[in-house]
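The values are calculated or read from the model by the stated rules, or taken from the named source; none is laboratory data. Everything numeric here is computed off the predicted structure, so don't read it as measured data. Methodologically, a virtual Cβ is constructed for each residue, glycine included, from the backbone with ideal geometry; neighbour enumeration extends over all protein chains shown. Ligands, DNA and RNA are excluded from the accessible area calculation, which covers all protein heavy atoms including side chains. Shrake-Rupley method; radii C 1.70, N 1.55, O 1.52, S 1.80 Å.
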Amino acid sequence: NPSNSASATFAFTVNVAGCTFERSLDGAAFVATTTSETLTGLSEGAHTYLVRAVGPTGVPDPAAASYSWTVDLTPPETSLTLTPDGLTNVNSATFDISASEAGCTFERSLDGGAFVVVTSPETLESLADGPHTVQVRARDAAGNADPTPASFAWILDTVPPVITGAVIPSPNASGWNNGPVSVLFEAFDPG
């Protein structure tokens, strides 16, 4: 309780031989049942199952056994409310994760890896240079997981650009004339 199943199975016994059973679901009239019963097609929301024994003389137990639970079939929606910059030179990343339902736990996958349980905020440390993708999903108390995890992609670049060549024009035949000098160079680093 809560449950993410639209079905529920109940089994019960009584301490007197020769009894039969009656049950009531969500305040409906009592109907005959056997010592175990599976209910199907339950709607979302709160439910109460009552069961009572009926003695050999036809007199029902005045104190029915009761079980109450909630069916939750709706998965939560997950959001990322804090992410790193899309292009960064910091080799750690912090994410704030939120869900559309209270009481959720969170799971995270980095770069296509397995989902692991995390808390929010989640900080990833010692990341390698290159592109990264994080996916996060919320799981509610009934066990429903967000089927469409929130996702964020970014690039980590901690390596400064490297100058690969420089050309300084030779002075003209009469020597420097204190005019402007052009220096041509290339740097190897996308962007």
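Run the numbers on the chain and let me know its relative contact order in percent, using alpha-carbon pairs under 8 Å that are six or more apart.
Relative contact order comes out at 17 percent.
First measure r as the distance between the Cβ atoms of V90 and F115, then evaluate 1/(1 + (r/R0)^6) with R0 = 35 Å and state the FRET efficiency to the nearest 0.05.
0.90
I need the P(r) histogram for segment 1-155: all alpha carbon pairs, bin width 10 Å from 0 out to the longest distance, whole percents.
Pairs per bin, as whole percents: 10, 29, 18, 14, 13, 10, 5, 1, 0.
Using the heavy atoms of the protein chains alone and a 1.4 angstrom probe, what is the accessible area of segment 1-90 per residue in square angstrom?
Values: 5320 Å² over 90 residues.
That works out to 59 Å² for each residue.
Considering only DSSP states other than H, G, I, E and B, which GluC sites (Glu not before Pro) in segment 94-126 qualify as loop sites with at most 14 other Cβ atoms within 10 Å?
E125
In square angstrom, rounded to the nearest 10, how much accessible surface does E22 have for a 1.4 Å probe?
Surface accessible to solvent at E22 totals approximately 50 Å².
With the full set of protein chains in place, find how many percent of the accessible area of the chain is carbon and sulfur; take the probe as 1.4 Å.
56
Based on the alpha-carbon set only, what is the convex hull volume of segment 53-112 divided per residue, in Å³? Please list the in-between numbers first.
Details: hull volume 9.3 nm³, N = 60.
In segment 53-112, the Cα hull volume divided by residue count equals 156 Å³.
Please report, to one decimal in angstroms, the Kirkwood hydrodynamic radius of segment 10-83 built from all distinct Cα-Cα pairs. Present the calculation step by step, with values, prior to reporting the outcome.
Working: mean 1/r = 0.0688 Å⁻¹.
Computed over segment 10-83, the radius equals 14.5 Å.
Just to be sure I understand: with springs between alpha-carbon atoms less than 10 Å apart, which residue in P75, P131, P149 has the highest mean-square fluctuation in the Gaussian network model of the chain?
P131
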